[in-house]
Amino acid sequence: VGGRIWGGVLPVFVGGDGLGSSGDITNFTLVARDLQNVGVYGPDGQFKGIRRPGSNRELEVGPVTIKVLSLSSSSGLELKSDPGVPIVYTGFAFLMLTTVLSYVSHSQVWAHGSQDGELAIGGTTNRAKKEFQNEVGDVVRDLKAQLQG
């Protein structure tokens, strides 16, 4: 965990007469961590072994012998991993959720009755304040009509 990882594909001509006839190209995948060691994977994706650059140790992979002489970071694909990415994505998901929820209108209405028969009504809303004022006024008028009728 940590450090840099480089990856690359090594196409190798296998078989034939060496002049390009009756042979196939086989791809080997090489993965290097911090340019200190190289993991070799065969054409089937199976791990074949690890070699250090300059160790002069050969690795037999089917009909091909691989020897890692040196590594250069100027070519290939640099693979990176960032353990903080899931946290960032989770935060973004919550941001999107709260953005959607901010469009939802909600209102609160309170009523308080006193001993002498008076009723006090109040409320609050996060959107459409004039419409809320009209609705509360309609409710108060309906209550008065029911109490008087």
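Quick check, is Asn126 farther than 30 Å from Val14 by Cα, in contact (Cβ under 8 Å) with a residue 12 or more places away in the chain and not acidic (Asp, Glu)?
Yes.
Can you tell me which residue in segment 112-143 is least open to solvent (accessible area, probe 1.4 Å), limited to those that are closer than 30 Å to Leu101 by Cβ and of a type in the set (Lys, Arg)?
Arg127
Could you list all residues from segment 32-50 that are acidic (Asp, Glu) and open to solvent by less than 90 Å² (accessible area, probe 1.4 Å)?
Asp34
The values are calculated or read from the model by the stated rules, or taken from the named source; none is laboratory data. Given the structure is predicted, the values throughout are model-derived calculations rather than measurements. Reconstructed Cβ throughout: ideal geometry from the backbone, glycine too, with neighbour counts over all protein chains shown. We work out accessible area using only protein heavy atoms, side chains counted, and drop any ligands, DNA or RNA first. Shrake-Rupley method; radii C 1.70, N 1.55, O 1.52, S 1.80 Å.
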